[in-house]
Amino acid sequence: MSVISIPIARQHLRDPDDDDQYLELLLDAAEDQAMRYLNRRFYADTDALNAAVRAGEAGESPIVINASVIAACLLILGHLYANREDEIVGTATSVLSNGSRALLTPYRVGWGV
């Protein structure tokens, strides 16, 4: 279950479609990618975080989701939504320097080697 709501995701995508099941799948994937980059789990609020800690499911250094993490997840979601195939033909692309990684990096832990 996603931390970010379907209406917020739909607003970000400017998508009037009612395919919530597909959107939920992409939103879950975007949040998972963000959590894996951060090396930590995030939760909608303090109550959800505390419940996960009590259940032993929070992992190390869990956080309550904030605006930067939400924005990063929405950027990842937008990419997944716009690029539904492994290949893009006949188009130019560029990486946004202020994209999802720039938003997530200040909250990343356990950088490794």
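Give the residues of the stretch 1-29 whose amide nitrogen is closer than 20 Å to a point set 7 Å from the Cα of Ala55 in the direction of its Cβ.
Only 1-6, 24-25, 27-29 pass the distance filter.
For the pair Arg101 and Arg36, how long in nm is the line joining their label points, each one 7 Å along Cα→Cβ?
1.5 nm
If Lys and Arg each add +1 and Asp and Glu each add -1, what is the summed charge of the other residues whose beta carbon sits under 10 Å from the beta carbon of Arg40?
+2
Given the convex hull of the Cα atoms of the chain, what is a quarter of its surface area in nm²?
Over every viewing direction, the Cα hull of the chain projects on average to 8.7 nm².
As I understand it, the value is the acute angle between the Cα axis of helix 20-38 and the longest principal axis of the Cα atoms of the chain; what does it come to in degrees, rounded to 10?
The helix 20-38 is inclined about 60 degrees to the chain.
For helix 67-82, report the angle its Cα long axis makes with the longest principal axis of the Cα atoms of the chain; keep it between 0 and 90° and round to the nearest 10°.
40 degrees
How high is the FRET efficiency from Trp111 to Ile63, r the C-beta distance, R0 22 Å, rounded to 0.05? Please report the intermediate quantities before stating the final value.
On the way: r = 16 Å, r/R0 = 0.73.
FRET efficiency, Trp111 to Ile63: 0.85.
Once you keep just the Cα pairs under 8 angstrom separated by 6 or more residues, what percentage relative contact order results for the chain?
30 percent
Provide the gained length on full extension for the span Asn83 to Ala48, in nm with one decimal, where the gain is 0.36 nm per separating residue minus the Cα-Cα distance.
9.4 nm
Under the rule of -39500 (n - 2.57) per DSSP H run of 4 or more residues, summed and divided by the residues of the chain, what mean residue ellipticity at 222 nm is obtained, to the nearest 500 deg cm²/dmol?
-15500 deg cm²/dmol
Every read-out reported here was derived from the displayed coordinates using simple, explicitly stated rules and does not represent laboratory data. Because the structure is predicted, anything quoted here is derived from the model rather than measured. Virtual Cβ from ideal backbone geometry, glycine too; neighbours counted across all protein chains shown.
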